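Input: a single structure, listed below in structure tokens.
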Amino acid sequence: MKKAIGLLVLLFLIGCTGKAEETYTIDDAKKDGHVIVEHKTTTFDQIRQGALEVENIDQLVEFLVAAENKEEASATVSIFDPDGSHYENKFESDGKSIRFHNSYAGYKGAPKGNFTCEYIQRRGPIVYVESCDSEKGENVSTMIAFVGKDEAFREAEK
């Protein structure tokens, strides 16, 4: 009986000493040089109206210019929801097409997945990718890839 209890205690202690998965934070994203979007709500319409904070948007502005000039470039966006959930979206241009990896499905009409797109364009505070094909062969004509703030874009473009 003592051996069984000792074994159970040992197994419990071993289970408790395992490393917990660390949460990716805004500070981590800053250190990694990501564009940071911190949603203040989970409602898309409120996010679109500016219920968010944006940092380091100059990385995305530089990517948009490079993509327009048919140059190679990349940008990583870290999105944080109010509950602390983290999503990482990536943009890459090879000078011919735009690859968009979307891990955040909270924007209307923007499914999760990997897409190859012909165009990327900013309209106001929103960046759209257009004429996209998914890895599954599905076509998406236009989807929201990023929601920011006009002021943040203007400041980064100075």
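Can you give the longest stretch of the chain with no exposed loop site, where a site means GluC sites (Glu not before Pro) in a DSSP loop (not H, G, I, E or B) with at most 16 other C-beta atoms within 10 Å?
72-134
Sum up the lysine pairs in segment 24-156 that clear both bars: alpha-carbon distance under 26 Å and a spacing of 8 or more or different chains.
So the count works out to 27.
In 5 Å bins starting at zero, report the fraction of Cα pairs in segment 24-156 per bin as a rounded %.
2, 11, 22, 25, 22, 13, 5, 0
Once the Cα atoms of helix 2-16 and of the chain are each reduced to a long axis, what angle between those two axes, in degrees from 0 to 90 to the nearest 10, is obtained?
20 degrees
How much of the DSSP bridge set in the chain is antiparallel, in percent, rounded to the nearest 5?
Values: 37 of 41 bridges.
Of the beta bridges lying entirely in the chain, close to 90 percent run antiparallel.
Could you tell me how many degrees, from 0 to 90 and to the nearest 10, lie between the Cα long axis of helix 58-68 and the main elongation axis, the longest principal axis, of the Cα atoms of the chain?
50 degrees
FYI, it's all coordinate maths here, none of it is from the lab. Quick caveat: nothing in here was measured; it's all calculated off a predicted structure. Glycine gets a Cβ as well: all are built from the backbone with ideal geometry, and neighbour counts include every protein chain shown.
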